[in-house]
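To keep things clear, I will list the structure first and then write my remarks on it.
The values are calculated or read from the model by the stated rules, or taken from the named source; none is laboratory data. Predicted model, so just to flag it, every value in this text is computed and none were measured. As a convention, Cβ positions derive from the backbone with ideal geometry for all residues, glycine included, and neighbour counts pool all protein chains shown. Accessible surface areas use protein heavy atoms only, side chains included; no ligands, DNA or RNA. Shrake-Rupley method; radii C 1.70, N 1.55, O 1.52, S 1.80 Å.
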Amino acid sequence: MSIVVVATIIPKEGALQELTGAFEEAVPVVQGEPGCEQYALYSDGSVLVTIERWLNDDSLSAHMTAPALTKLLARAGHLLAAAPEIRTVAPLGFGDAVKGG
């Protein structure tokens, strides 16, 4: 079963655009990492949220030390108001599996 990760990233005041730019560069590289099934960035205009799906624990662990993420943190870490809130979540199995169940 895939591992789903939701990360909420809060930028410092006035840093959303620059932080988004850093992610724009990183996302395609992360999406090419082995075991990445989904890596999508969302925003409500004040925070960024990643929705990630990884094949297994090994691919998620590899991502956490992969060059794309370490480069992103080095480039944009100073733009964060706080450490990202990262949650691993599991589907509850309701509805159509393809549409989100």
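Of the numbered conditions (1) assigned to a strand (DSSP E or B); (2) of a type in the set (S, T, Y); (3) open to solvent by 60 Å² or more (accessible area, probe 1.4 Å), Y39 fails exactly one; give the number of that condition.
That leaves (3) as the condition not met.
Does the stretch 67-75 contain any residue that is open to solvent by 50 Å² or more (accessible area, probe 1.4 Å), without any contact (Cβ under 8 Å) to a residue 40 or more places away in the chain, in contact with a Ser or Thr (Cβ under 8 Å, 6 or more places away or on another chain) and of a type in the set (A, V, I, L, M, F, W, C)?
Step one: list which residues in the stretch 67-75 are open to solvent by 50 Å² or more (accessible area, probe 1.4 Å), which gives 67, 70-71, 73-75.
If we keep only those that are without any contact (Cβ under 8 Å) to a residue 40 or more places away in the chain as well, we get 67, 70, 73-74.
Now drop any that are not in contact with a Ser or Thr (Cβ under 8 Å, 6 or more places away or on another chain), which leaves none.
Taking every residue of the stretch 67-75 in turn, none turns out to be open to solvent by 50 Å² or more (accessible area, probe 1.4 Å), without any contact (Cβ under 8 Å) to a residue 40 or more places away in the chain, in contact with a Ser or Thr (Cβ under 8 Å, 6 or more places away or on another chain) and of a type in the set (A, V, I, L, M, F, W, C).
So which residues in the stretch 1-27 are of a type outside the set (A, V, I, L, M, F, W, C) and either in contact (Cβ under 8 Å) with a residue 40 or more places away in the chain or open to solvent by 80 Å² or more (accessible area, probe 1.4 Å) (or both)?
Let us first name the residues in the stretch 1-27 that are of a type outside the set (A, V, I, L, M, F, W, C), namely 2, 8, 11-14, 17-18, 20-21, 24-25.
Those that are of a type outside the set (A, V, I, L, M, F, W, C) and either in contact (Cβ under 8 Å) with a residue 40 or more places away in the chain or open to solvent by 80 Å² or more (accessible area, probe 1.4 Å) (or both): S2, T8, P11, K12, E13, G14, Q17, E18, E24, E25.
Going by what's in this entry, would A97 be described as among the aliphatic types (A, V, I, L, M), open to solvent by less than 90 Å² (accessible area, probe 1.4 Å) and assigned to a loop (DSSP other than H, G, I, E, B)?
On the way: among the aliphatic types (A, V, I, L, M): yes; open to solvent by less than 90 Å² (accessible area, probe 1.4 Å): yes; assigned to a loop (DSSP other than H, G, I, E, B): yes.
So A97 fits the description; yes.
Could you tell me which residue of the stretch 78-94 is least open to solvent (accessible area, probe 1.4 Å), considering only residues that are of a type outside the set (A, V, I, L, M) and modelled with pLDDT of 95 or more? If you could, list the steps in order and put the result at the bottom.
We begin by selecting, within the stretch 78-94, every residue of a type outside the set (A, V, I, L, M); these are 78, 84-85, 87-88, 91, 93-94.
Retained after the next criterion (residues that are modelled with pLDDT of 95 or more): 78, 84-85, 87-88.
On the way: H78: 105, P84: 49, E85: 90, R87: 137, T88: 95 Å².
Within the stretch 78-94, the match that is least open to solvent (accessible area, probe 1.4 Å) is P84.
Yes or no: the stretch 86-96 includes at least one residue that is of a type in the set (S, T, N, Q), under 17 Å from the mean Cα position of the chain (by Cα) and over 19 Å from M1 (Cα atoms).
Start the filter on the stretch 86-96 by keeping residues that are of a type in the set (S, T, N, Q), which leaves 88.
Narrowing further to those that are under 17 Å from the mean Cα position of the chain (by Cα): 88.
Now restrict to residues that are over 19 Å from M1 (Cα atoms): none.
Taking every residue of the stretch 86-96 in turn, none turns out to be of a type in the set (S, T, N, Q), under 17 Å from the mean Cα position of the chain (by Cα) and over 19 Å from M1 (Cα atoms).
Mind listing just one residue for me: the one in the stretch 42-60 that is among the hydrophobic types (A, V, I, L, M, F, W, C), assigned to a strand (DSSP E or B) and closer than 20 Å to Q17 by Cβ and, of those, least open to solvent (accessible area, probe 1.4 Å)? Please lay out each step first, then the result.
Quick first cut of the stretch 42-60, residues among the hydrophobic types (A, V, I, L, M, F, W, C) only: 47-49, 51, 54-55, 60.
Subset that is assigned to a strand (DSSP E or B): 48-49, 51, 54.
Next, from what is left, pick out any that are closer than 20 Å to Q17 by Cβ: 48-49.
Details: L48: 2, V49: 35 Å².
Only one residue fits best here, namely L48.
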